[in-house]
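Just below is one structure, and these are the notes that go with it.
The values are calculated or read from the model by the stated rules, or taken from the named source; none is laboratory data. Nothing here was measured: the structure is a model prediction, and the numbers come from that model. Ideal geometry is used to build each Cβ from the backbone, glycine not excepted, and the neighbour counts take in all protein chains shown. Side chains are part of the model used for accessible areas, which takes the heavy atoms of the whole protein and leaves out ligands, DNA and RNA. Shrake-Rupley method; radii C 1.70, N 1.55, O 1.52, S 1.80 Å.
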Amino acid sequence: MNEKITVLDFQAKCDNGEKIAIVTAYDYAMAMAVDAAGVDAILVGDSLNMTMLGRENTLSATLDEMLHHTAAVVKGTKNAMVIGDMPFLTYQLGPEQALENAGAFLTEAGAQAVKLEWCPRASEITQFLVENGVPVMGHLGFTPQQINRFGGYHQQGKDKASAALLLKEAKALEAAGAFGIVLELIPADIAKKITNSVSIPTIGIGAGPDCDGQVQVLHDLLGLMPDFHPKHAKAYLQLHESIRDAVAQYVSEVAAGQFKLKG
Ligand code: KIV
């Protein structure tokens, strides 16, 4: 059995020029499959609010729901690092609130790290968590918990001033001790510049090919969401259709009185 991947392995991969592959997962069975596939980390993203719970955006995901799904993923994972995503308003109030809630991802759910989106106190919060033993991955660019401020799923960092701000935030997260930074929906050249300007790994989603790694939402990779096909996602399967067809075959066999087990 391989050792569990740690923040040191992340940094070593980045230093050696090896790319880091991260995918989301939200339950035991999927965690077993993606872990066996060799991902470096599994992000239990608050995207589960849409993919698993059918809600409109990430805002209403609760800490209890995130911990519940994270614990299931941890049970199904042998090697990958499990990163729990801190939901909206569970860290923005400040370091103490963040430590209490981030701590629960490690103590109750068994994750190795947490991810939090950029907010005005993100570097202060990150430093406090890291100093207290909670590894933190930052998240810059299109941060879904701020969808109401952004007014939709829009690319960020398009003009000079906002690109410069992203670079400043990335450096602040690095200085605060973050072990990596997700860069979401930003121009590829800006992501490349940030990647070349910080020593910690950058993990892109809709941020071009030059980040130190990539993260994808599992339901997008597998084609599980029939009505949602983000431009930055690559579907390797059309699993919604495959499941529909398999179950439809079962339904018709049962209806026709022809259902029997093989052999
Ligand atoms: O919640 C999530 O799945 C995420 C990824 C898209 C980075 O934050």
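Structural remarks
- Among Asn101, Asn57, Asn16, residue whose mean-square fluctuation peaks in a GNM of the chain (springs only between Cα atoms under 10 Å): Asn16
- Vicinal HN-Hα couplings computed from phi for the range 201-210 (Karplus, 6.51 cos²θ - 1.76 cosθ + 1.60; Hz; Gly/Pro x): x, 9, 10, x, 9, x, 10, x, x, 9
- Highest-MSF residue in the chain out of Leu224, Leu140, Leu67 [GNM, Cα springs under 10 Å]: Leu224
- Scanning the chain for GluC sites (Glu not before Pro) that sit in a DSSP loop and have at most 14 other Cβ atoms within 10 Å, the longest stretch containing none of them is 57-263.
- Residue of Lys168, Lys19, Lys78 that the Gaussian network model of the chain assigns the largest fluctuation, springs spanning Cα pairs under 10 Å: Lys168
- Based on the convex hull around the alpha carbon atoms, the chain presents an average projected area of 15.8 nm².
- Debye, to nearest 20: dipole size of the chain, +1 on Lys, Arg Cβ, -1 on Asp, Glu Cβ: 480
- Computed over Cα pairs, the Kirkwood radius of the range 147-244 leads via Stokes-Einstein (1.567 mPa s, 4 °C) to a diffusion coefficient of 89 µm² per second.
- Within the straight-line cut-off of under 20 Å between alpha carbons, the aspartates and glutamates reachable from Lys75 are Glu3, Asp27, Asp35, Asp40, Asp46, Asp64, Glu65, Asp85, Glu108, sequence neighbours fewer than 8 places apart in one chain being disregarded.
- Per residue, the chain exposes 49 Å² of solvent-accessible protein surface, assessed with a 1.4 angstrom probe and all protein chains in place.
- Protein accessible area in the range 81-233, 1.4 Å probe - carbon and sulfur %: 56
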